[in-house]
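**Student:** The structure that follows is given in the form of structure tokens.
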Amino acid sequence: MRDINVSIGVDKRLWRQDIAGSRAHAAMLAAAGILSEGDAAEIRRGLDAIEAEYAAGGLVEDAALEDIHMHVEARLKEIIGEPAGRLHTARSRNDQVATDFRLWVRGAVDAIDAGLAAFQSALLTRAEQHAGDVMPGFTHLQTAQPVTLGHHLMAYFEMTRRDRGRFADARTRLNESPLGAAALAGTSFPIDRRASATALGFDRPMANSLDAVSDRDFALEFLSAAAMAGLHLSRLAEEIIIWASQPYGFVKLPDAFSTGSSIMPQKRNPDAAELVRAKAGLFLGAYQRLAIIMKGLPLAYSKDMQDDKAPVFEAFDTLALCLAAMTGMVETISFDTARMRAAAGTGFSTATDLADWLVREGGVPFREAHHITGRCVAAAEAAGCDLSALPLETLRGIDARIDDRVFGVLTVEASVASRTSFGGTSPANVRAAVAAARGAGQ
């Protein structure tokens, strides 16, 4: 029973939050006249001593004390004696742990947001550097149309912007205080829940005591946002892995974020990117793990909820590490822009530009222009050349409405420069998007 019941090995991470919650609770009890000023002063002194002790040397675990709350309370009693027993007036471990966990997750959201902002900054810097460098844009991993490398990187900036929005939304909803809900029904003592909520930086106390002690939506929202962010990091990691392979050769990985082989000295393996790709499953699993714990629990508190913290802690640690790794890779990776440019010209990537030209200059309906362009592509395939290298006579033999002006749109540079619609890939658009992001503080 002791072994299955103990949680201090996991929830010891909450010691700062537990001490902060106890300080706020003691101050509120004193202000409400429930606790004497002398006892409140002793409790403050004891909590300060515990904080300094844990910060300097860590917490000494005792399985008999079960969790972080009992560790702090027991140590407080050793330091100040009998007044320590009055701290638990008008609260329960149920609202105490809910408060501690919300405080911790709020701090985790802020830390992840800082990591996401650093990742965005790296993307912006590299997107600006490569705003005019052309690369192939893919669908189905087949060359589709030319795009700019800067535009490609800014796609991940936008994904990350939404990730930050999800974490910000989760933070707004979690920022309510369970403290004072007690075990489940509230308390008969004349406490001021708004005062303790304010002291802890919460916007308000939670409105229902049953909900306050049994809710873990905030942790699930954190995990959901982490899973989405992890998926986005995994997609970029996958692209880096593909681009670093010899058939592509679009990037060279820095030594700091790649490894060699134990047997093949020429290898530069994208291990960091592969591990980021692997971790996406961890975030999804963490969400499922907590959701499965919560899905069948009746109100209010059940001991199942003791297992709520491990998946959240692991997801936070892993996401923070993945963000640091991906930020480092984006900052230091070398792009072979000449090879990207050469690849962008393969696969008849400017075929759509030819079709658009027929619509714009020849007044051809797009569906007809599509068929004409298909015949031009077939001719280029037969000749073993790109569309831009086909003789004008060949093009006019397919459709007489084509004239020599068409060659102005058949280069990859002309193609990307023409994509000026909002959100398009033109270098001017990329530079404007980077400037707008910086002007908005990312």
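**Student:** Find out how many positive minus negative residues lie around Asp404, taking Lys and Arg as positive, Asp and Glu as negative, among other residues whose Cβ is under 13 Å from that of Asp404.
**Tutor:** Net of charged neighbours comes to 0.
**Student:** Just how many pairs of Lys in the chain have C-alpha atoms closer than 25 Å, counting pairs that are eight or more places apart or on different chains?
**Tutor:** Lysine pairs satisfying the spacing and distance rule in the chain number 11.
**Student:** Related question: How many percent of DSSP beta bridges within the chain run antiparallel, rounded to 5?
**Tutor:** 80 percent
**Student:** Can you tell me, using C-alpha contacts under 8 Å and at least 6 residues apart, the relative contact order of the chain as a whole percent?
**Tutor:** Relative contact order, the chain: 18 percent.
**Student:** Against the longest principal axis of the chain, how steep is helix 217-244, in degrees 0 to 90 to the nearest 10, with axes from Cα atoms?
**Tutor:** Around 30 degrees separate the two axes.
**Student:** Separate question: Please state the relative contact order of the stretch 293-387 as a whole percent: Cα pairs under 8 Å, 6+ residues apart?
**Tutor:** 19 percent
**Student:** Quick one: compute a quarter of the convex hull surface over the Cα atoms of the stretch 62-112 and quote it in nm².
**Tutor:** Mean shadow area of the hull around the Cα atoms is 4.6 nm².
**Student:** Turning to a different aspect of this structure: What ranking do 150-157, 54-61 get when scored by the average of other Cβ atoms within 10 Å per residue, highest first?
**Tutor:** Peptide ranking by packing, descending: 150-157, 54-61.
**Student:** Just to confirm the number: angle between the C-alpha axis of helix 351-362 and the first principal axis of the chain, 0 to 90 degrees, nearest 10?
**Tutor:** Here the helix axis deviates by roughly 60 degrees.
**Student:** Given the peptides 226-236, 431-441, 415-425, arrange them by the average over their residues of other C-beta atoms within 10 Å, most packed first.
**Tutor:** 226-236, 415-425, 431-441
**Student:** Mean residue ellipticity at 222 nm from the helices of the chain, using -39,500 (n - 2.57) per DSSP H segment of n ≥ 4 over the full residue count, to the nearest 500 deg cm²/dmol?
**Tutor:** Calculated from helices alone, the mean residue ellipticity at 222 nm is -20500 deg cm²/dmol.
**Student:** Could you work out the relative contact order of the stretch 351-442, using alpha carbon pairs under 8 angstrom and six or more residues apart, expressed as a whole percent?
**Tutor:** It comes to 22 percent, rounded to a whole number.
**Student:** Just the Cα atoms of the stretch 29-119, one point each, no solvent: what log10 I(q)/I(0) does Debye give at q = 0.15, 0.25 Å⁻¹?
**Tutor:** -0.72, -1.32
**Student:** Can you give me the long-range amide H partners of Ala144? Hydrogens built in the peptide plane at 1.01 Å from N, cutoff under 5 Å, separation of 5 or more residues or another chain.
**Tutor:** Distant-sequence amide H within range of Ala144: Gly137, Phe138, Thr139.
**Student:** Could you list log10 I(q)/I(0) for the stretch 1-65 at q = 0.17 Å⁻¹, which the Debye formula gives when each Cα is one point scatterer?
**Tutor:** Scattering profile of the stretch 1-65, log10 relative to I(0): -0.70.
**Student:** Please report Rg (one decimal) and Dmax (integer) in Å for the Cα set of the chain.
**Tutor:** 30.0, 100
**Student:** Follow-up question, since we're still on this one. Whole Å is fine, so just give me how far the alpha carbon centre of the stretch 1-64 lies from that of the stretch 171-234.
**Tutor:** 19 Å
**Student:** Oh, and also: How big is the C-alpha Rg of the stretch 347-440 next to the rule-of-thumb value 2.2 N^0.38 Å, as a ratio?
**Tutor:** Scaled against compact globular proteins, the figure is 1.25.
**Student:** Tilt of helix 149-174 relative to the longest C-alpha principal axis of the chain, in degrees (0 to 90, nearest 10)?
**Tutor:** Around 20 degrees separate the two axes.
**Student:** Give, to the nearest whole percent, the P(r) tail of the stretch 403-442 beyond 14 angstrom, counting all Cα pairs.
**Tutor:** Across the stretch 403-442, Cα pairs with separations above 14 Å total 54 percent.
**Student:** Which peptide among 279-288, 200-209, 361-370 comes first, and what is the full order, when sorted by highest mean count of other Cβ atoms within 10 Å?
**Tutor:** 279-288, 200-209, 361-370
Here, each number is a calculation from the coordinates, and none is a lab measurement. No experiment lies behind these values; they were computed from the predicted model shown. Cβ: placed from backbone, ideal geometry, glycine included. Neighbour counts: every protein chain shown.
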